[in-house]
Each structure stands twice: as structure tokens, then as C-alpha cells.
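J.: If you scroll down you'll find the structure; I have some questions about it.
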Amino acid sequence: MSVPAPVPHLQRSLRRFDIMAMGVAAVISFDVIGQIATGGGQAVIWIAVIAVAFLVPYALVFAETGAAFPQEGGPYVWVEVAFGRPAAVLTTMFYWVTNPVWLGGSLVFVAAGAWDGFVLPLGSGTVADYAFKLVFIWAAILTAVVSLRRGKWITTAGAGAKVLALAFFTGTAVAYGIQHGFRGLQGTGFSPTGVGFLALVPVLLFAFVGFEAPNAAGDEMLAPQRDVPVAIGVSGAIATCCYLLPVLAISRPPRPAASPASAASWMPPGWSSGSTATGAGRC
């Protein structure tokens, strides 16, 4: 099957920075960082291994494919050209089927819980609770269907907020470690294990997918052949740092059998006793 012609009414407005921001927004996910960090020191090793063994070849494949076939539709077009429309339809269905489950399921409940706990009380099963969830879902849908000429700024703002939040978290942990010492890293097990592999690698594989998402807007890019490979490379490096550094910052050794008083003596002021900050203390 021949490559489809460009869609005539679309306006090319996505520059290299916009493509990079779309990749960062698609890949970095706050809700998996805590789960990854439960692996302790070996989580850092597995992040590095997956980045080299999976992320690099994965990024190279989609950098090449996105530059060679920069048509609107991305993965749908690639499968259609190679295997025909039925295979493309089936692939796209499986590619996107998790999004409504994620958006209308776990994500909206996490957002409602955060709003209820830190902004304004919503209650459970109340009119305010349902209203918040409906507004949240439809706001997310509208940001997805709005023209990228305007909507790209929403994606860019989201990507920037994710990176800045993780950088702030990591920076405060490092600052505390410089002031009080990096004691939490002492005794942290960095040796990979089979249990760690089974627990962490599936989550990490899920966490590192999404770099092909910007290619779905190929006809809205100014210079996809030139910009897609560079944007994927930069966004891949940013995503790796945004997973690796915060996980390292909250890594801690196994909890010692100590009294609450002795444990509290090396906690940062106002922090809970869940994990450590760059090995500096429990955060």
C-alpha cells in the first residue's frame, strides 16, 4: 500500500522543541515513580539497564520510522503501509484501548483524591465528587482534540511542570544531604536480583514507552525528517534522568530495627518516615 498524501487542512506548527515536549509529557509519569522506588537501590540499576537495553534501540527505531514516514497518524500509517488496513485498525485499537481505562479509572480517582485531600474536600460519592470527575475527564478530552497550533502549549506546560517538580524534589533532597550527610545510601542494596527483575522491569518497560506519540501529528510538524530524531533523543535523555534521579533520591536501605526516637533524629523537619532523600534522611 502506498504512503498516504498529507492532510491538506492541517497547519504545520510543531517545531523541534514542541515535539520534544510532547515526548516528555507522554513518557514521564508521576504515578510509577513511587512504585519503582520501592525496589530500593537495585531500582537504580534496573533503570540504567532498561535505558540502555530497551530505551536506546526503541528510540532509534521510532526516530528512523518517524523521520522516514512522517505522515499524520504515526503508528496507524506505518502498520497500514506494511500490513494493510485491518492490521492497522487492530493495532491502533490495542494501542489506545488502555487510555480510557486509565483516564476514567485510576487517573481521575487519583486526581479527585489529591483535590479532596489538599485543596477542597469533595467527599466520596457526593455531587461534588462526581462533578469534579466529569469536569476532569472532559477537560482532558478537550485538550486532546483541540488544534495542536494552540493545544501544544498545554502539552508543553505539562511537560515543564513534570520536569520542574521532579527537579525541585531531587534538588531539595540533595540540598538536605549536603547539609546533613548522605546516610541513607549506606547499606542500600544496589545488586540486581531475580525478584527485583520481576517486580521492576515490567513497570519500567511501561514507564519508558510513548516516544512514538508525537509522530501521530506528522503532518503538523515543520520539519519532521530533521526534528523527530533529535527530539526523541533529547526527550529520552530527559525521561531517563527524571526517573533515575528521583528514585536515587528516595532510595534507602532496609528499615533498621530502631526506636522511633532514633529514627526521627535523622529525619528532615516536616517529612514523613516513608523513604530517604538522596540517602540523606527519610522523606
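J.: Quick one: which residues, 5+ away or cross-chain, put their amide H under 5 Å from the amide H of Leu14? H built at 1.01 Å from N.
T.: Met221, Leu222
J.: Report the label-to-label distance for Val230 and Leu198 in nanometres (one decimal), using points 7 Å from each Cα along the Cα→Cβ vector.
T.: 4.6
J.: Okay, moving on. Efficiency by 1/(1 + (r/R0)^6): what FRET value for Ser147 and Gln179, r their Cβ-Cβ distance, R0 = 45 Å, to the nearest 0.05?
T.: The calculated FRET efficiency here is 0.40.
J.: Assuming 0.36 nm per residue, please report the length gained on full extension of the stretch Phe109 to Phe54 beyond their Cα-Cα distance.
T.: Once the chain is fully extended between Phe109 and Phe54, it gains 16.7 nm.
J.: Which shape class applies to the stretch 126-175: rounded if a/c is under 1.5, otherwise prolate when a/b exceeds b/c and oblate if not, where a ≥ b ≥ c are the square roots of the Cα gyration tensor eigenvalues? Walk me through the intermediate numbers first.
T.: Values: a/c = 6.22, a/b = 1.42, b/c = 4.39.
Because a/c hits 1.5 or more and a/b fails to exceed b/c, the stretch 126-175 counts as oblate.
J.: Right, next: In Å³ and rounded to a whole number, note down the convex hull volume per residue for the Cα atoms of the stretch 1-77.
T.: Given the Cα convex hull of the stretch 1-77, per-residue volume reads 131 Å³.
J.: Which of Gly177, Gly210, Leu134 sits farthest toward the positive end of the charge dipole of the stretch 56-211, with +1 on the Cβ of Lys and Arg and -1 on the Cβ of Asp and Glu?
T.: Gly177
J.: Compute the length gained on full extension between Trp138 and Arg15: take 0.36 nm times their separation in residues and subtract their Cα-Cα distance, giving the result in nm to one decimal.
T.: Contour length minus the Cα-Cα distance gives 41.5 nm.
J.: Moving on. Can you tell me the length gained on complete extension of the stretch Val32 to Ser191, counting 0.36 nm per residue apart and subtracting the Cα distance? Numbers along the way, then the final one.
T.: Values: separation 159, 0.36 × 159 = 57.24 nm, distance 2.12 nm.
Contour length minus the Cα-Cα distance gives 55.1 nm.
J.: Where the accessible area of the stretch 1-157 is counted over protein heavy atoms with a 1.4 Å probe, how much of it, in %, is carbon and sulfur?
T.: Summing carbon and sulfur atoms, their accessible area is 73 percent of the total for the stretch 1-157.
The values are calculated or read from the model by the stated rules, or taken from the named source; none is laboratory data. Quick caveat, the model's predicted, so the values are computed rather than measured. All Cβ positions, glycine included, derive from the backbone under ideal geometry; neighbour counts span all protein chains shown. Side chains included, ligands, DNA and RNA excluded: accessible areas come from the protein's heavy atoms. Shrake-Rupley method; radii C 1.70, N 1.55, O 1.52, S 1.80 Å.
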